[in-house]
Amino acid sequence: MSSVHILTFHRALNYGAVLQCYGLYKTVLKIQNNCDVIDYRADCIEKRYRVIHKNNSLKGFVKAVLTVPNVRIKRRKFNNFIRNNIKTTATIKSQDNLSEISWNKSDFYCVGSDQVWNLDLIEGDTSFLLDFVPEGATKISYAASIGTRIKPEWKEIFANKLESFQSVSVREQTAQEQLEECGVKSSVEIDPVFLLTKEEWVEKAKSVKNESYILIYLLQKADDFMNEAIKYAKKKGKKIVIISTGLKRQYDAEYVSDCGPEEFLGYFNGADTVFTNSFHGIAFSILLNKNFYYQLQGNNVKTNSRLLDIIKMFNLEQRHIDNIEKDDFIDYKEVNGVIEEKRKSAIKYIEQQITG
């Protein structure tokens, strides 16, 4: 029986990366019970999550050393989550090793999601364009993200590498438009975390607190946003939990710096209200039907396009922090209807590619 092999950033020490991998894997597994994730230890990803780098300044080196214990705990939890929930291939440590393997021509190969096609981020590693797959094998993408503007020198790479794909799907409308300029047709599908239901995510969530609290999860420092969250918590008489890997503890709050994916889900599931400027922070707030407020990441146009895409998709622009004084709650009936519609469309896309 044919297998499905998924290639993505499953090794990233990043909650969104690992949980989107799990969402895609579990969904494919329901359709084709022979499925695994290629355990490719791409150097571009491995070194990105190393704590200590050769070019660290003295201050950066000291900070890195101080964070090592928490990072080790976090890495162990991430590894355990993958080991217990996702079937992987044998470890592959280099691009050359990946190309040397005798992959089965009758199998299916799927790349996505996350920024797997950001050629700057992956440092030109075209493995994420599945060029190691034997000629004639079925290659598809699911909700692949480019995460930036396609540079002129990239256009020929995308045009040539994606020509052999049976089907291409991307996560953002902007990616679809850019690939169109390269002569590549694609569809837009929802991020893999939305492939699973609220109930499925709650089942994976680890209970972390018995009291009500406000959750803050920021990927970019934003003092004004933080101050609004703290003011809101005081107004509501709620405690504050902050998921952060930083060393500073400048606010009167409970800081969480070493939680694993299941605990991460638990903190979102148990929160009264969430404040976030993260794409997957917004995604899980929506999936778990949480009251939440968001803010864009300063002048980070690349990241903000992803945040705006997901906010507009569910007509939740009013959840911007500027509207916090209205203090209204979200009617999730309409939102859940959109999620269900997008989920059905995405699963149909995957089924059509794998089963015909």
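What number of residues in the range 94-113 are without any contact (Cβ under 8 Å) to a residue 24 or more places away in the chain and under 24 Å from VAL18 (Cα atoms)?
Of the residues in that region, 1 qualify.
Name the single residue, out of those in the range 32-56 being modelled with pLDDT under 95 and of a type in the set (Val, Ile, Thr), that is nearest to ILE101 (Cα to Cα).
ILE45
Based on what the data block shows, is PHE81 at pLDDT 95 or above and among the aromatic types (Phe, Trp, Tyr)?
Yes.
Under the condition of being open to solvent by 40 Å² or more (accessible area, probe 1.4 Å) and β-branched (Val, Ile, Thr), which residue from the range 155-196 is nearest to GLU351 (Cα to Cα)?
Per the stated criteria, the residue is VAL188.
On the given criteria, is LYS87 under 30 Å from GLY266 (Cβ atoms), open to solvent by 30 Å² or more (accessible area, probe 1.4 Å) and in contact (Cβ under 8 Å) with a residue 40 or more places away in the chain?
Against the criterion (under 30 Å from GLY266 (Cβ atoms), open to solvent by 30 Å² or more (accessible area, probe 1.4 Å) and in contact (Cβ under 8 Å) with a residue 40 or more places away in the chain), LYS87 qualifies.
For TYR142, state whether it is touching a strand residue (DSSP E or B) at 6+ places or on another chain (Cβ under 8 Å), aromatic (Phe, Trp, Tyr) and within 16 Å of GLU172 (Cβ to Cβ).
yes
Can you name every residue in the range 309-356 that is surrounded by 13 or more Cβ atoms within 10 Å (Cβ to Cβ) and among the aromatic types (Phe, Trp, Tyr)?
PHE314, TYR332, TYR349
Which one of the conditions (1) open to solvent by less than 10 Å² (accessible area, probe 1.4 Å); (2) at pLDDT below 95 does GLU123 fail to meet, given that it meets all the rest?
Exception for GLU123: condition (1).
Please go through the range 202-242 and give me each residue that is assigned to a loop (DSSP other than H, G, I, E, B) and open to solvent by less than 60 Å² (accessible area, probe 1.4 Å), ordered by number.
Within the range 202-242, ALA205, VAL208, LYS209, SER212, LEU218, ALA222 meet the criteria.
I'm trying to understand the selection: among the residues of the range 105-120, which are loosely packed, with under 14 Cβ neighbours inside 10 Å and of a type in the set (S, T, N, Q)?
The one that is loosely packed, with under 14 Cβ neighbours inside 10 Å and of a type in the set (S, T, N, Q): SER106.
Restricting the search to the range 254-269, which residues are out of contact with any Phe, Trp or Tyr (no Cβ under 7 Å at 6 or more places or on another chain) and under 26 Å from GLN318 (Cβ atoms)?
Hits for the range 254-269 are TYR267, ASN269.
Collect the residues in the range 257-279 that are modelled with pLDDT of 95 or more and either open to solvent by 10 Å² or more (accessible area, probe 1.4 Å) or assigned to a helix (DSSP H, G or I) (or both), keeping them in residue-number order.
Residues satisfying the conditions are PRO261, GLU262, GLU263, PHE264, LEU265, GLY266, TYR267, PHE268, ASN269, GLY270, ASP272.
Do we have PHE128 as without any contact (Cβ under 8 Å) to a residue 40 or more places away in the chain and surrounded by 20 or more Cβ atoms within 10 Å (Cβ to Cβ) here?
Criteria not met by PHE128.
Go through (1) in a helix (DSSP H, G or I); (2) at pLDDT 95 or above and name the single condition ASN289 misses.
If we test ASN289 against (1) in a helix (DSSP H, G or I); (2) at pLDDT 95 or above, just (1) comes out false.
The values are calculated or read from the model by the stated rules, or taken from the named source; none is laboratory data. Keep in mind the model is a prediction, meaning the values are calculated, not measured. Reconstructed Cβ throughout: ideal geometry from the backbone, glycine too, with neighbour counts over all protein chains shown. These area figures cover heavy atoms from the full protein model, side chains too; ligands, DNA and RNA do not enter into them. Shrake-Rupley method; radii C 1.70, N 1.55, O 1.52, S 1.80 Å.
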